[in-house]
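What follows is a set of notes on a single structure, which appears directly below.
The values are calculated or read from the model by the stated rules, or taken from the named source; none is laboratory data. Source: prediction; values computed, not measured. Positions of Cβ are backbone-derived with ideal geometry, glycine not excepted, and every protein chain shown enters the neighbour counts. These area figures cover heavy atoms from the full protein model, side chains too; ligands, DNA and RNA do not enter into them. Shrake-Rupley method; radii C 1.70, N 1.55, O 1.52, S 1.80 Å.
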Amino acid sequence: MYQTNYHRASSVQEAVQMMGAATEGKYLSGGMTLIPTMRQRLAAPSDLIDLRHIAEMKGIAVNGRSVRIGAATTHEEVATSAELRTVCPALCGLAGHIGDPAVRHMGTIGGSIANNDPAADYPAAMLALDAVIVTDRREIKAGDFFTGLFETALEDGEIITAVRFDAPAKAAYQKFANPASRYAMAGVFVAKRDNGDVRVAVTGAGSSGVFRHPDLEAALSANWSPDAVANVTVDGSDMLSDLHASAAYRANLVKVMTKRAVSAT
Amino acid sequence: MGIDGIGARVPRKEDRRFLTGKGRYTDDMSVPGMKYAVFVRSPHAHATIAGIDATAAKAMPGVIDVLDGKQLLADGIGNLICGWMIHSKDGTPMKMGAWRPLADRTVRYVGDAVAIVVADSVAEARDAAEAVVVDYDLLPVVTDPVQAIADGQPQLHPEASNNLIFDWELGDAAAVDQALAAAAHVTELKIFNNRLSPNPMEPRATLGIYDAGDDHYTCYTTSQNPHVARLVMSAFYNVAPENKLRVIAPDVGGGFGSKIFIYPEEIVCLWASKRTGVPVKWTCDRTEAFLTDAHGRDHVSTVKMAFDAGNRITALKVDTIANLGAYMSLFSSCVPTYLYATLLSGQYDIPAIHANVRTVYTNTAPVDAYRGAGRPEATYLLERTMETAARELGISPAELRRTNFIRSFPHQTPVIMNYDAGDYETSLNAAMAAADWNGFAARKAEAEGRGMKRGIGMSCYIEACGLAPSAAAGSLGAGVGLWESAEVKVNMVGTIEVMTGSHSHGQGHETTFAQLVADRLGVPIDSINIVHGDTDKVQMGMGTYGSRSGAVGMSALAKALDKVEAKAKKIAAHLMEADESDVVIEDGVLKVAGTDKSVPWFQMALAAYTAHNLPQGLEPGLKESAFYDPANFTFPAGCYICEVEVDPETGRTKVVQFVAADDFGNIINPMIVEGQVHGGIAQGIGQALLEGVHYDDSGQLLTASYMDYAMPRADDLPSFKVSTSNTPCPSNPLGVKGCGEAGAIGSPPALINAITDAIGNNALTMPATPEKVWAAAQAAN
Ligand SMILES: Cc1cc2nc3c(=O)[nH]c(=O)nc-3n(C[C@H](O)[C@H](O)[C@H](O)COP(=O)(O)OP(=O)(O)OC[C@H]3O[C@@H](n4cnc5c(N)ncnc54)[C@H](O)[C@@H]3O)c2cc1C
């Protein structure tokens, strides 16, 4: 790790100021991605601005079916929130399967979304839940937020403060974990609303990150059942191919995970 | 058996410090004035070094010096060596290319060390290492062993044309060919044994201290065999003569073979300490460990097994290419030869065997012994072949094995080994009963109902432990003897220190060796200390690997105890005015049998040292030592049965049952033995299901962290069912065989046999990743 300066912000405003004053600052949330990257000397921020002690960025609020999760809320808090579980247990389940207990007690939803790892779990949920990413300066629809591998619509110095969504009638997440990292080799979040809207969002498999699958969505809108998936062709040509899994295999996993997610609702 | 004696489940004495974080590892060692080293390593798999410019690095804050391979060469530091000579079948010696501790002209794998930076802190050393400018001229790269020995490939060492190190054979080729021609059935198979990274929990580390006052060196290091390290460093590296070099291997957090070998870092830190005048400590980080710890296995083989009409094996023909990486590591040559081909008879009576082994240089990390070393390769090859043959012949795998078991002992195999004792059918029966083999069909049907494919597979392994009869090892090319030594020092009031040349790095010697003493002398286990890992404290030693510490190390201790006991009885007899042949030792008291005369152990010990009243001519004191050279190898064997469920839609394999029935001979501590078996099975399941080192075509290591290298975790494993049977080993005084590697040896074929059974396709290589299993299952449909 290179030398760096640590700052603890107590408000969003102060964090933004600290960032403005830094030569090459970075926000620090759970540090579960950022710190290992720094330890490997792949990142060298001059300043770290810690967001974990900003009260307004923490906690889960459920109002009817509308949900707001502060960006500095840990995976563990999401996984174990009784309120959230009553309206969207799928998200609790997703958070409960991120990494290991140590990671879940440190890592945060804001950090995960800002990082937009192509194999991370939350981006699939955000996209399928049609969530809104709330920042210090605007609100961004999930569909516009995730722009590529580790790329987001965030501008320099912009802070995610929370995410918001209305809980769908049905939702489920199925993840096929990479045996080494336990990140998603293919993860599928399905959501169905009372108005018939269906969203299928896929993580871990796309060569440019998280994406929605229109054909699967169409098939499931017509018939919300595992069988509906059977006749859909999932094309592997835009999928990742690496040491762990070929594109064709990932395409198969997407289909199987979708089917299982629907069964689980 | 007393509560602390042989056969008791004594909780491990060393666990108090390990479990409370009080272990003392090399990285915990600090001495005044100590500085930190970081190595500059090659980012290229093959290149010549056109120049190294350390000017900028030397000027950076905290930097004491930057030293390179030219300076090391100028100071006369020698090459790293391979200590086991193998001759090719044409009689020529193996082609050992030069391995410089710091590469001076050519780098041959990613991670090859080219310079050392010494600085006030690790961070400053790392900053400076990044500022060392190395000018590389890139050379073409070869990483695949089969490709490497073809014509027209990149050449690693001028000594080894076509990268061939040796082309060696064992056995009778003509007899095998004859039997193959006459066979009723021949099973043929291509076998890959995947390359593994050893991953001990504690990464390697070393602290080199040069004392200019005495012209003396001290080397703290993560070693399984400190005396061997000292020998090699003085005899071949020219660091210092043995009397001026102390090697200390304190607590070591796992080795699995990878800490047998002497690596560049120990020698370079010692040399750098002299050059800079400060003690120099280096601690490996995890990525460095993936890059530079000697890897294991990496074989490509073809096998032919001949059967007669009665399903009896008549011959076995094996052709193996073994990848040894960029350089020949310390024992790399004996692993794919005398630790491999000599075990190809397995548990079976095979009249003719021939093995041909070619070893190859590639632009990858050196490959050497890794838990099991050669024996897992032999077992995997043989047991995959047996299972395949059973399927082809249409008989049950158990039946085929029973038909071919060796049943009378001693048994001379056609590949050197002479098995002294064993009872393979007992293990097979025990494993089948524990696995409820007969209930499998019902379980399979039930799984089918859930959409899962259930499979069962077995493996009957044998291994040779207790390395090794020195004369035999010498005749096969070993550069050292493979005895062990022990010294027993009874203190003035009877407490006991045992100095052993065995080294414990997770095996629990501090408990099991003490159990032997407690058993023999009846003294409390808390009054016994086991001292190991320091060349200044322990007279001599060959260290711990190849499951040798029980059979060889404890046998040496038993011999030393014989001498202690004899002298103690002499002293006690004199004190009690009795005949020494009437004296017995019971519960820490020396008694005259059939009388009420007795002398407590401590009083006898005190008498030995006060020397006021000793038998005429007897030396004062009570301290005895012994060397033990084994008469034969030991032959642990057993049967493992694995049951899996494969999800045909994803290819994910779940190990649902794992049974191990081992014959380890006599057992000192069943709890420790079970622990060793559990760990070994976990490692074997890791190899079969998860682990694999991958290089890309340019020689970059793709699996350089746990993000990409899959280690087994608790939830990958079922609760193991383990049991032991006991045919005592006739060749050592304790009747023990060794249990450290069995789990890793026996389990991979059982698992792959189970998966291939489940999916109905035999074409599957390790690691059986979900994608491979899925593809194979698809192909079978
Ligand atoms: C062993 C291990 C296993 C893991 N397994 C999984 C897994 O299975 N699935 C999965 O999805 N993830 C996994 N992760 C990643 C984990 O979920 C991380 O917590 C997450 O990716 C990053 O969140 P963080 O809070 O730690 O962010 P940090 O590491 O602190 O930050 C990550 C990046 O986001 C930026 N950032 C952080 N917060 C904000 C904000 N509020 N606004 C703007 N930018 C911000 C930072 O500047 C940084 O660039 C794993 C991590 C580890 C170490």
Exercise. Output the residue which, of all residues in the range A:9-34 that are open to solvent by 40 Å² or more (accessible area, probe 1.4 Å) and in contact with a helix residue (DSSP H, G or I) (Cβ under 9 Å, 6 or more places away or on another chain), is farthest from the ligand (Cβ to nearest atom).
Key: A:Ser10
Exercise. Determine whether the range A:39-46 contains at least one residue that is within 14 Å of chain B (Cβ to nearest Cβ) and either within 9 Å of the ligand (Cβ to nearest atom) or polar (S, T, N, Q) (or both).
Key: yes
Practice problem: Among what's in the range B:766-781 and is aliphatic (A, V, I, L, M) and within 14 Å of chain A (Cβ to nearest Cβ), pick the residue that is most open to solvent (accessible area, probe 1.4 Å). | Solution: B:Ala779
Practice problem: Within the range B:224-240, track down each residue that is closer than 17 Å to B:Val280 by Cβ and assigned to a loop (DSSP other than H, G, I, E, B). | Solution: B:Tyr237, B:Val239, B:Ala240
Exercise. Could you tell me which residue of the range A:207-221 is farthest from the chain's Cα centre (by Cα), considering only residues that are more than 19 Å from A:Ala90 (Cβ to Cβ) and crowded, with 21+ Cβ neighbours inside 10 Å?
Key: A:Ala219
Exercise. Quick one: in the range A:119-130, of everything that is within 10 Å of the ligand (Cβ to nearest atom) and either within 14 Å of chain B (Cβ to nearest Cβ) or surrounded by fewer than 24 Cβ atoms within 10 Å (Cβ to Cβ) (or both), which residue is nearest to the chain's Cα centre (by Cα)?
Key: A:Ala120
Quiz prompt | B:Lys453 vs. criteria touching a residue at least 40 places away in the same chain (Cβ under 8 Å) and among the basic types (Lys, Arg) | solution = yes
Exercise. At least 3 residues that are touching a Lys or Arg at 6+ places or on another chain (Cβ under 9 Å) in each: list the strands (runs of 3 or more DSSP E) lying fully within the range B:104-198 that qualify.
Key: B:113-119, B:164-171, B:185-196
Quiz prompt | Yes/no for A:Asp136 being within 14 Å of another protein chain (Cβ to nearest Cβ), touching a residue at least 60 places away in the same chain (Cβ under 8 Å) and under 30 Å from A:Ala21 (Cβ atoms) | solution = no
Quiz item: Quick check: is even one residue across the range B:73-87 open to solvent by 30 Å² or more (accessible area, probe 1.4 Å), at pLDDT 95 or above and assigned to a helix (DSSP H, G or I)?
Solution: yes
Quiz item: Scanning for something within 14 Å of chain A (Cβ to nearest Cβ) and open to solvent by 30 Å² or more (accessible area, probe 1.4 Å), does the range B:750-765 turn up at least one residue?
Solution: no
Quiz item: When you look at B:Thr703, is it within 14 Å of chain A (Cβ to nearest Cβ), in contact (Cβ under 8 Å) with a residue 24 or more places away in the chain and surrounded by 24 or more Cβ atoms within 10 Å (Cβ to Cβ), yes or no?
Solution: no
Quiz item: Between a first residue in the range A:1-28 that is more than 14 Å from every other protein chain (Cβ to nearest Cβ) and a second residue that is among the polar types (S, T, N, Q) and outside any strand (DSSP E or B), which pairs have beta carbons less than 9 Å apart while being 6 or more apart in sequence or on different chains?
Solution: A:Asn5/A:Ser46; A:Ala9/A:Gln17; A:Ala22/A:Ser46; A:Thr23/A:Ser46; A:Glu24/A:Ser46; A:Gly25/A:Ser46; A:Lys26/A:Thr4; A:Lys26/A:Ser46
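Conditions (1) surrounded by fewer than 18 Cβ atoms within 10 Å (Cβ to Cβ); (2) at pLDDT 95 or above; (3) out of contact with any strand residue (DSSP E or B) (no Cβ under 7 Å at 6 or more places or on another chain); (4) more than 11 Å from every other protein chain (Cβ to nearest Cβ), marked per residue:
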residue	(1), (2), (3), (4)
B:Ala661	no, yes, no, yes
B:Ile672	no, yes, yes, yes
B:Glu691	no, yes, no, no
B:Asp697	yes, yes, yes, yes
B:Asp708	no, yes, yes, no
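The rows are residues; the columns are (1) within 12 Å of the ligand (Cβ to nearest atom); (2) on the phi > 0 side of the Ramachandran plot; (3) among the hydrophobic types (A, V, I, L, M, F, W, C).
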{"site": "A:Ser66", "(1), (2), (3)": "no, no, no"}
{"site": "A:Asp100", "(1), (2), (3)": "yes, no, no"}
{"site": "A:His105", "(1), (2), (3)": "yes, no, no"}
{"site": "A:Phe145", "(1), (2), (3)": "yes, no, yes"}
Exercise. Please indicate, with yes or no, whether at least one residue in the range A:140-160 is under 17 Å from A:Ala72 (Cα atoms), crowded, with 24+ Cβ neighbours inside 10 Å, small (Gly, Ala, Ser) and at pLDDT 95 or above.
Key: no
Self-check item: Filter result (of a type outside the set (Ser, Thr, Tyr) and within 11 Å of another protein chain (Cβ to nearest Cβ)) within the range A:217-246
Solution: A:Asp242, A:Leu243, A:His244, A:Ala245
Practice problem: Determine which member of the set A:Glu77, A:Glu56 is within 13 Å of the ligand (Cβ to nearest atom), surrounded by fewer than 16 Cβ atoms within 10 Å (Cβ to Cβ) and over 18 Å from A:Thr33 (Cα atoms). | Solution: A:Glu56
Quiz item: When residues of the range A:147-174 are filtered for being among the hydroxyl-bearing types (Ser, Thr, Tyr), within 9 Å of the ligand (Cβ to nearest atom) and either under 13 Å from the mean Cα position of the chain (by Cα) or within 15 Å of A:Asp194 (Cα to Cα) (or both), how many remain?
Solution: 1
Quiz prompt | Filter result for the condition that a residue is assigned to a loop (DSSP other than H, G, I, E, B) and open to solvent by less than 10 Å² (accessible area, probe 1.4 Å), over B:Ala365, B:Ala355, B:Ala272 | solution = B:Ala365
